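These notes are about the structure you will find just below.
The values are calculated or read from the model by the stated rules, or taken from the named source; none is laboratory data. All values derive from a computational prediction rather than experimental measurement. Please note: Cβ atoms are built from the backbone with ideal geometry, for glycine as well, and neighbour counts cover all protein chains shown.
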Amino acid sequence: MAEVIYSGVRESRPGRVNDLGTTGRQVEQDFKKGCLKRADRSFAQGLQCQQINSMAALMSLEDSVFVSHSPQGCVGCSIMAVDMYRVGQAHRGIKNIKNPRIIVTNIDQKSVVFGGEEKLRESVKLAVERYHPKLIFVYASCASGIIGDDIDAITADLQKEFDSVIVPIHCEGFKSKICASGFDAAFIAINKYILKKEKREKEKGLVNLFAPTTVSYADQLEMERMLKAIDIKVNYIPFYSSLEKIKRIPAAEASTSICKVFADEFMKTLWEDYEIPYSHTVMPIGIRNTDKWFRGIAKVLGKEDEVEEIIQKEHERIEPLVKKIRSKLQGKRVFICGGTGRSFAAAALIDDFGMELVGLETPTYDEDAQVDIEYLNNIHKDYVVDIANMQPFEQVNLVNKLKPDAFIGVPEWAAKLGIPTTHVLDGKRPTMGYDGLLYLGNKIAEQLQNPGFNKKLAQHVKLPYKDSWYDEDAFKYIEK
Ligand code: SF4
């Protein structure tokens, strides 16, 4: 039988659901019975596009240019990744902070009729003339996909002319409603155009540590500190990385990822194409998850005994400090919203501080999520689960009804309801590992003690929904 090649579309994996309004207990039971069905919304607001995830994942690669074969608007939301990239440089001590080099081909009405090939060729030529980069990434968009521009053939032709490695990425927005598909599209392209299934001599103790844009420098240092303690050398990919470091991927003895939905599919490919074993467990946020993540990679390398010793020492160091934070947070009710990896990890973290989960918003649900939900259902009474990629109208409806003491996640909307918020997608401050959980716990406690800013915000800013919306069923637009 022909080998099934992963398409990069997350929905193509069986049992993955991305639009649902339910509760923790219900979703666990329904998934077990095989009753979860893929649904849709008759009204949706603000779906994050996969193109931006493909771009954000690679944005900090040294000496690169990013050509978006799209209308101008498509790169608009790259602003968050640009901000992370700039802040990341500052944290790494770089004095002359750079912007990423993004070129938009500006597909317009004419291109839709006559094709956008010429614009793409011109843009790549311009990228070479201006920057002489080592890498040029060409991003597909809805528009280039619809008009059928063959970015593979065009870039293959351009590659004959230029020394820069040109990598086309198939991240057409319409292909997937799960924005993490954009990460997969980027890694599929890296494997095809840079690694090319060529094996390299193994480097003893080298581990590929995959990290998305949202991982702060403090978190990178914490992960490297922990791994160094068990004699692991880290190849940190692709954030603040380079063509050379990418080429080093096949030399690693093992791989792991900081995020559960980042490079998880790529690590499977690395096992299939280069026989690199991997650990795919959880995001290291909170004591339980940090232990689990640490044990996962140690097991792949046969370092189980060494890791237990370190874990014990870390527990002795941090547990008294966690206890102090717990005394401030015990019993507080929390609503959590984040990417699939972070939302579940943050939900496990709140257990360290004795907080109560009342609502969880996450973009997808699948068998990995089921493992997390089973764990959470053992700790928390029932709580609302909203499976949604963005959809702020559902979130504000739920948060307004549940009135949590704290909101952990992307804070824009909950803050305008006056709820104390703590950002969990914080690429600027520590969140992960043993040190990260102390920082995050203290940050949540500070927000609860100082809610003034959000309270004032709620008095002066009105969210764009009618009062009647807050009385409606939050899941009214999800078609069963
Ligand atoms: S690629 Fe499609 S979904 Fe993404 S920003 Fe452009 S038009 Fe929107």
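One line per residue, one yes/no per condition, for (1) basic (Lys, Arg); (2) over 25 Å from SER164 (Cβ atoms):
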position: MET80; (1), (2): no, yes
position: ILE97; (1), (2): no, no
position: LYS110; (1), (2): yes, yes
position: GLY115; (1), (2): no, no
position: VAL124; (1), (2): no, no
position: ALA140; (1), (2): no, no
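Of a type outside the set (Ser, Thr, Tyr), within 12 Å of the ligand (Cβ to nearest atom) and over 27 Å from GLU62 (Cβ atoms): does that describe CYS142? For CYS142, the condition - of a type outside the set (Ser, Thr, Tyr), within 12 Å of the ligand (Cβ to nearest atom) and over 27 Å from GLU62 (Cβ atoms) - is met.
Restricted to region 350-452, the set of helices (runs of 4 or more DSSP H) holding at least 1 residues that are within 21 Å of VAL261 (Cβ to Cβ) comprises 367-379, 392-402, 433-449.
Of all residues in region 71-93, none satisfies being among the basic types (Lys, Arg) and either assigned by TED's automatic domain parsing to the domain that holds ALA388 or within 30 Å of GLY15 (Cβ to Cβ) (or both). Scanning region 131-162 for residues that are touching a helix residue (DSSP H, G or I) at 6+ places or on another chain (Cβ under 9 Å) and acidic (Asp, Glu) gives ASP149, ASP150, ASP157, GLU161. Against the test of being in contact with a Ser or Thr (Cβ under 8 Å, 6 or more places away or on another chain) and in a helix (DSSP H, G or I), the options ILE297, ILE246 yield a single qualifying residue, ILE297.
Evaluate region 437-451: report whether one residue or more is charged (D, E, K, R) and touching a residue at least 24 places away in the same chain (Cβ under 8 Å). No - not one qualifying residue is present in region 437-451. For region 456-471, the set of residues classified as in a helix (DSSP H, G or I) and either surrounded by 13 or more Cβ atoms within 10 Å (Cβ to Cβ) or in contact with a His (Cβ under 6 Å, 6 or more places away or on another chain) (or both) consists of LEU457, ALA458, TRP469, TYR470, listed by residue number.
Each residue in region 219-277 was checked for being among the hydroxyl-bearing types (Ser, Thr, Tyr), over 22 Å from the mean Cα position of the chain (by Cα) and more than 15 Å from LEU206 (Cβ to Cβ), and 0 of them qualify. Of the residues ALA218, ALA180, ALA185, ALA263, the single one that is touching a strand residue (DSSP E or B) at 6+ places or on another chain (Cβ under 6 Å) and on the phi < 0 side of the Ramachandran plot is ALA185. In the set (1) surrounded by fewer than 22 Cβ atoms within 10 Å (Cβ to Cβ); (2) away from the ligand (no atom under 15 Å from the Cβ), MET59 fails one condition alone, (1). Filtering region 27-52 to residues that are near the ligand (Cβ under 10 Å from one of its atoms) and in contact with a helix residue (DSSP H, G or I) (Cβ under 7 Å, 6 or more places away or on another chain) leaves CYS49, GLN50, GLN51, ILE52. In the set LEU357, LEU398, LEU417, LEU402, only one residue is touching a His at 6+ places or on another chain (Cβ under 8 Å) and at pLDDT 90 or above; that residue is LEU357. Just to be sure before I move on: is SER257 at pLDDT 95 or above, in contact with an Asp or Glu (Cβ under 7 Å, 6 or more places away or on another chain), crowded, with 17+ Cβ neighbours inside 10 Å and hydroxyl-bearing (Ser, Thr, Tyr) in the structure I sent? Taking the combined requirement at face value, the residue satisfies it.
Can you find even one residue in region 362-381 that is crowded, with 18+ Cβ neighbours inside 10 Å and at pLDDT 95 or above? No: region 362-381 contains no residue that is crowded, with 18+ Cβ neighbours inside 10 Å and at pLDDT 95 or above. Any residue at all in region 171-185 that is more than 16 Å from the ligand (Cβ to nearest atom) and either charged (D, E, K, R) or buried (at least 22 other Cβ atoms within 10 Å of the Cβ) (or both)? Looking for residues that are more than 16 Å from the ligand (Cβ to nearest atom) and either charged (D, E, K, R) or buried (at least 22 other Cβ atoms within 10 Å of the Cβ) (or both), one finds none in region 171-185, hence no. Can you tell me which of PRO71, PRO100 is within 15 Å of the ligand (Cβ to nearest atom) and either closer than 19 Å to SER181 by Cα or crowded, with 16+ Cβ neighbours inside 10 Å (or both)? Selected residue: PRO71, the only one of PRO71, PRO100 that is within 15 Å of the ligand (Cβ to nearest atom) and either closer than 19 Å to SER181 by Cα or crowded, with 16+ Cβ neighbours inside 10 Å (or both).
Evaluated against (1) modelled with pLDDT of 95 or more; (2) buried (at least 17 other Cβ atoms within 10 Å of the Cβ), ILE52 falls short on exactly one condition, (1).
Find all pairs meeting these conditions: Cβ atoms under 9 angstrom apart; at least six residues apart or on different chains; first residue within region 69-85 and under 18 Å from ILE146 (Cα atoms); second residue among the aromatic types (Phe, Trp, Tyr). Close Cβ pairs (under 9 Å, with a partner that is among the aromatic types (Phe, Trp, Tyr)) amount to HIS69/TYR139; SER70/TYR139; CYS74/TYR139; VAL75/PHE66; VAL75/TYR139.
If you go through region 113-166 and keep only what is among the aromatic types (Phe, Trp, Tyr) and surrounded by 14 or more Cβ atoms within 10 Å (Cβ to Cβ), you end up with TYR131, PHE137, TYR139, PHE162.
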